[in-house]
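S.K.: The structure under discussion is supplied below as structure tokens; questions concerning it will follow.
The values are calculated or read from the model by the stated rules, or taken from the named source; none is laboratory data. From a predicted model like this one, the values you see are computed outputs, not experimental measurements. For neighbour counting, all protein chains shown are included, and Cβ atoms are generated from backbone atoms with ideal geometry for every residue, glycine included.
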Protein chains: 2
Amino acid sequence: MSSAEEIAKAAKTAFEESQLIPSTERVTALQRIHVALQSNRAEILAANREDLKAAQVEVDAGRMSESLLKRLDLDKGDKWDSMLQGVLDVASLPDPTGIVSYAKELDDGLELYRVSCPIGVLLVIFEARPEVVVNIAALAIKSGNAAILKGGKESNRTTQLLSQAIAAGLSHSSLSDTYVQTIQTRAEVSSLLALDQYIDLVIPRGSNSLVSSIQNNTKIPVMGHADGLCSVYLDESADVEKAVRVVLDSKTDYPSACNATETLIVHESLLQTTWPVVARALLEANVRLLCDAATLAALQAQSPSLPNLASLVSPSTPESYTTEHLTLTLSVLALPSLQAAIRFINAHSSHHTDSIVTESELSAAAFCRGVDSAGTFVNASTRFADGFRYGFGTEVGISTGRIHARGPVGLEGLVIYKYMLRSTGAKGHVVGDFAAGGKQYKHTDIQNAALPF
Amino acid sequence: MSSAEEIAKAAKTAFEESQLIPSTERVTALQRIHVALQSNRAEILAANREDLKAAQVEVDAGRMSESLLKRLDLDKGDKWDSMLQGVLDVASLPDPTGIVSYAKELDDGLELYRVSCPIGVLLVIFEARPEVVVNIAALAIKSGNAAILKGGKESNRTTQLLSQAIAAGLSHSSLSDTYVQTIQTRAEVSSLLALDQYIDLVIPRGSNSLVSSIQNNTKIPVMGHADGLCSVYLDESADVEKAVRVVLDSKTDYPSACNATETLIVHESLLQTTWPVVARALLEANVRLLCDAATLAALQAQSPSLPNLASLVSPSTPESYTTEHLTLTLSVLALPSLQAAIRFINAHSSHHTDSIVTESELSAAAFCRGVDSAGTFVNASTRFADGFRYGFGTEVGISTGRIHARGPVGLEGLVIYKYMLRSTGAKGHVVGDFAAGGKQYKHTDIQNAALPF
């Protein structure tokens, strides 16, 4: 048996055993992990410094980016403390399991309950930032899933010690210490992707190419934390102040986030009015504009009065509108109608989040229904697309997939349900009694149903 | 552009355009399809007779089974009428879209709504029975999804005419007549499985090998209507009458169904008591028993009094417990404890539906929580696992997958949700206002929230 198979089997066993352990024990486990992390702080941060040292060599040799190195540092600012606080925060969220979402009396003494429960074994693959190990472990444990985690190789020393602290915490609870396991190599990932009998969901957190390569190499379902190609559309009736505020915030608040806006669509009627005002605000914020012919001409007509025009504005190419810039660059185009904007967004966006600026309820409704994205916003920045801002208390990731979970995913995205059917009839229940001419199904709602067991 | 790509693109366009059409129009489309099918009855049944004639040649040559041929016949019994009634039944079900499942006020004048909506374009692949075309088309239209359907090649003439009637019905509504399309060849299926930019969900309805081969050849999510390896466990405290009724119904009510039971697990303490009584009932019902050493010995000890013992009872092999018999054959084994039964089921069942016969609340609770299947039943036949019996009004299929939808799937399984965020604030809403030291998120529940648009 390969080592990967042993790991996967141990995870499945840990998961199955945990189903008979009360969910309060999962909260206990998180508290114990918090303690274990605290007491191993010095050791973990020492390992992190080793990782940083090795990374610095790579950066000096030009084989690693400075920004990747920065993300490795666990001792920067309040990162360590907020990582630890995160464990307690997740522990105190409501239990997503054991919730009854459908309850019917099928017959006298025959009750059906649909009850939320964990998915099973998660394989989570992420890059660089070592604190994600702790974050994901907390989410998995809280939702009752076993997990196998693979971080970036640059943080191997750190994640190994974080993982040991997690196992130590688990071993002080009734959960198995193989409930959360860490792997180190890509070869192990490849082996695990073939083990669909043990692994129930793969969650890649990282680049689009990581997500894609995993989707192409497994039949295990993948919950994609994919790229964001978000857009803002300025409707014919857009209010100028709202347009400026929403576009500016969507683009500049945090340009490298997946919910930052990459494309601005301007209704043709605004080319000489709202558009130059918005453009001025963007140029003053040092945003580079890649413009189509119409939006470019409109700016050039006002050339003398606009700052940085020559240095920041240039013509777009078709690729501009399918590029996730992640920097202070915005692709711009004009379109003749709301319908054209909806079609353009559906064809070019990554179905993440798109926003309309409008004073018309009709336009707002058509945009929200017609744009086929996880988030359709009215007069609000695309940057609101976030699990914490939505009020979930945490975020597992953002899904641009179309089944199970869409948009920002909270703990709910880590659960599914099972059906429990209980007969309390004197003779049990059989379907033969409901054959033609026999009993009829009642299908009566059970009010305020709670978990039957 | 290949023909498959044209079909997929047309489906996506039809889907996107339909998002701006009120959902009542989908009901109209179903009524028009009902009319179109009625008025083309003679023509469709004539085509069906051609399919049957061709199939008879294959049966005579030994290349097709008699049972497959029977399933092709659209004029058998009340099949035609119930197919037509099914369209109206689906039309009259509650609309699964536009339902608000989460609504929060994030700030004064900033409201978030999670609204159910269709998934997009479905690719449904099924075998033999031509009426499935109409059934699936109705489910797709009702839930607002576009669909591409591929039936078995044996029913090509019939499905082509059914498909024309569906298109004719659609053309008398505001929906595009490419909202539901039918394809005929496996080559088209292969091409479509690569088009994840247009197709959002694949639903194979057929054999395990069909499901598996599709899962291995696409990165589009697959909602598996998979095989059923269901089991019944007779607990130490099982009531004899319930045991007999539940086991008999689970095995014999409809042996070729996926929710029929294939394995019986007997608690060791029942070997000399309940087990022979249950076995007698099974043997009288002509059920073949594949027994492990303990359950076999227990029967042989009572040999003279049991009917058909020599002809119907034989030793099991390890494969017996991973075989979906789909006939009047039952694999039987004895185990020493509830815990052992749970472990056995989790290792051998297809996670479809498993039932315990018990008088103990504790055993029932442990079984329902510990058995990792879509359905965990107490004193009830596994045959209850069915969308109609559960009260869904229809059944899209049964999923043994672990995300999105599990167990019998109703219309709910064909929808996902999107988030609509609406600012009614005087200046719109931007996240910059919520930065450190700024505004705080309110996250207040919106009571009785309805679709904002």
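S.K.: Do we have A:Ser3 as modelled with pLDDT under 95 and polar (S, T, N, Q) here?
M.R.: yes
S.K.: Just the residues that are without any contact (Cβ under 8 Å) to a residue 12 or more places away in the chain, part of a helix (DSSP H, G or I) and either among the hydrophobic types (A, V, I, L, M, F, W, C) or more than 8 Å from chain A (Cβ to nearest Cβ) (or both), please, taken from the stretch B:411-432.
M.R.: B:Val431, the sole residue that qualifies.
S.K.: Also, I was wondering about something else. Return the total of residues in the stretch B:133-147 being more than 13 Å from B:Phe15 (Cα to Cα) and touching a Lys or Arg at 6+ places or on another chain (Cβ under 7 Å).
M.R.: 0
S.K.: While we're here: Look through the stretch A:245-265, keep the residues that are under 15 Å from the mean Cα position of the chain (by Cα) and either of a type outside the set (S, T, N, Q) or within 20 Å of A:Val277 (Cα to Cα) (or both), and return whichever of them is farthest from the other protein chains (Cβ to nearest Cβ).
M.R.: A:Cys258
S.K.: Looking at the stretch A:399-410, is at least one residue in contact with a helix residue (DSSP H, G or I) (Cβ under 9 Å, 6 or more places away or on another chain), part of a helix (DSSP H, G or I), surrounded by 18 or more Cβ atoms within 10 Å (Cβ to Cβ) and not assigned by TED's automatic domain parsing to the domain that holds A:Gly206?
M.R.: No - not one qualifying residue is present in the stretch A:399-410.
S.K.: Quick check, is B:Val90 away from chain A (no Cβ under 14 Å) and under 16 Å from B:Val396 (Cβ atoms)?
M.R.: yes
S.K.: Right, B:Gly437: among the small types (Gly, Ala, Ser), farther than 24 Å from B:Val115 by Cβ and without any contact (Cβ under 8 Å) to a residue 12 or more places away in the chain or not?
M.R.: It is true that B:Gly437 is among the small types (Gly, Ala, Ser), farther than 24 Å from B:Val115 by Cβ and without any contact (Cβ under 8 Å) to a residue 12 or more places away in the chain.
S.K.: Of B:Phe392, B:Phe377, which residue is touching a helix residue (DSSP H, G or I) at 6+ places or on another chain (Cβ under 9 Å), assigned to a strand (DSSP E or B), of a type in the set (Phe, Trp, Tyr) and facing chain A (nearest Cβ under 10 Å)?
M.R.: B:Phe377
S.K.: Separate question: Out of all the residues in the stretch B:211-244, which are acidic (Asp, Glu), more than 9 Å from chain A (Cβ to nearest Cβ) and within 30 Å of B:Thr273 (Cα to Cα)?
M.R.: Across the stretch B:211-244, the qualifying residues are B:Asp235, B:Glu236.
S.K.: Could you check the stretch A:40-56 and list, in sequence order, the residues that are in a helix (DSSP H, G or I) and in contact (Cβ under 8 Å) with a residue 60 or more places away in the chain?
M.R.: Of everything in the stretch A:40-56, those that are in a helix (DSSP H, G or I) and in contact (Cβ under 8 Å) with a residue 60 or more places away in the chain turn out to be A:Glu43, A:Ile44, A:Ala47, A:Asn48, A:Glu50, A:Asp51, A:Ala54, A:Ala55.
S.K.: Condition test on A:Met64, is it touching an Asp or Glu at 6+ places or on another chain (Cβ under 6 Å), in a helix (DSSP H, G or I) and aliphatic (A, V, I, L, M)?
M.R.: When the stated conditions are applied, A:Met64 does not pass them.
S.K.: If A:Ile21 meets every condition in (1) part of a helix (DSSP H, G or I); (2) farther than 25 Å from A:Glu188 by Cβ apart from one, which number is that one?
M.R.: Result: A:Ile21 passes all but (1).
S.K.: Return the pair list, or none, for Cβ contacts closer than 9 Å from residues in the stretch A:303-329 that are farther than 19 Å from A:Trp275 by Cβ to residues that are loosely packed, with under 14 Cβ neighbours inside 10 Å and not aliphatic (A, V, I, L, M), at least 6 apart or on different chains.
M.R.: A:Leu326/A:Ser256; A:Thr327/A:Ser256
S.K.: In addition: Consider only pairs whose beta carbons are under 9 Å apart and that are at least six residues apart or on different chains; among these, list those whose first residue lies in the stretch B:8-20 and is within 10 Å of chain A (Cβ to nearest Cβ) and whose second residue is in a helix (DSSP H, G or I) and among the β-branched types (Val, Ile, Thr).
M.R.: B:Glu16/A:Ile342; B:Gln19/A:Ile342; B:Leu20/A:Ile342
S.K.: Within the stretch A:366-406, how many residues turn out to be without any contact (Cβ under 8 Å) to a residue 60 or more places away in the chain and closer than 13 Å to B:Ser423 by Cα?
M.R.: 4
S.K.: Just checking, does the stretch B:311-328 include any residue being within 23 Å of B:Gly228 (Cα to Cα) and acidic (Asp, Glu)?
M.R.: For the stretch B:311-328, residues within 23 Å of B:Gly228 (Cα to Cα) and acidic (Asp, Glu): present.
S.K.: Please enumerate the residues belonging to the stretch B:433-444 that are in a loop (DSSP other than H, G, I, E, B) and more than 8 Å from chain A (Cβ to nearest Cβ).
M.R.: Passing the criteria: B:Ala435, B:Ala436, B:Gly437, B:Gly438, B:Lys439, B:Gln440, B:Lys442.
S.K.: Turning to a different aspect of this structure: Being surrounded by 17 or more Cβ atoms within 10 Å (Cβ to Cβ), part of a helix (DSSP H, G or I) and among the β-branched types (Val, Ile, Thr) is the requirement here; does A:Ile199 meet it?
M.R.: In short, no.
S.K.: If you go through the stretch A:141-152 one residue at a time, do you hit one that is out of contact with any helix residue (DSSP H, G or I) (no Cβ under 6 Å at 6 or more places or on another chain) and within 14 Å of chain B (Cβ to nearest Cβ)?
M.R.: yes
Okay, residues lined up against (1) farther than 27 Å from B:Cys368 by Cα; (2) outside the structural domain of A:Pro96 (by TED's automatic domain parsing); (3) under 26 Å from the mean Cα position of the chain (by Cα):
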{"position": "A:Ala8", "(1), (2), (3)": "no, no, yes"}
{"position": "A:Phe15", "(1), (2), (3)": "no, no, yes"}
{"position": "A:Ser23", "(1), (2), (3)": "no, no, yes"}
{"position": "A:Val27", "(1), (2), (3)": "no, no, yes"}
{"position": "A:Ile33", "(1), (2), (3)": "yes, no, yes"}
{"position": "A:Ile44", "(1), (2), (3)": "yes, no, no"}
{"position": "A:Glu50", "(1), (2), (3)": "yes, no, no"}
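S.K.: With A:Glu236, A:Glu188, A:Glu268 as the choices, which residue is touching a Pro at 6+ places or on another chain (Cβ under 6 Å), more than 20 Å from A:Thr353 (Cα to Cα) and among the charged types (D, E, K, R)?
M.R.: Of A:Glu236, A:Glu188, A:Glu268, the one residue that is touching a Pro at 6+ places or on another chain (Cβ under 6 Å), more than 20 Å from A:Thr353 (Cα to Cα) and among the charged types (D, E, K, R) is A:Glu268.
S.K.: Taking B:Gln339 and the conditions (1) surrounded by fewer than 20 Cβ atoms within 10 Å (Cβ to Cβ); (2) in contact (Cβ under 8 Å) with a residue 60 or more places away in the chain, which numbered condition does it fall short on, given that it satisfies the others?
M.R.: Looking at each condition in turn, B:Gln339 falls short on (2).
S.K.: Take B:Asp73 and tell me if it is buried (at least 17 other Cβ atoms within 10 Å of the Cβ), under 23 Å from the mean Cα position of the chain (by Cα) and of a type outside the set (Lys, Arg).
M.R.: yes
S.K.: Could you identify the single residue in B:Arg383, B:Arg406, B:Arg369, B:Arg402 that is at pLDDT below 95 and at the interface with chain A (Cβ under 9 Å from one of its Cβ atoms)?
M.R.: Just one listed residue meets the conditions, B:Arg402.
S.K.: I'd like to check something: does the stretch A:148-158 contain any residue that is surrounded by fewer than 20 Cβ atoms within 10 Å (Cβ to Cβ), within 30 Å of A:Thr444 (Cβ to Cβ) and of a type outside the set (Ser, Thr, Tyr)?
M.R.: Taking every residue of the stretch A:148-158 in turn, none turns out to be surrounded by fewer than 20 Cβ atoms within 10 Å (Cβ to Cβ), within 30 Å of A:Thr444 (Cβ to Cβ) and of a type outside the set (Ser, Thr, Tyr).
S.K.: Under the condition of being surrounded by 14 or more Cβ atoms within 10 Å (Cβ to Cβ) and of a type in the set (A, V, I, L, M), which residue from the stretch A:36-45 is farthest from A:Pro130 (Cα to Cα)?
M.R.: A:Ala36
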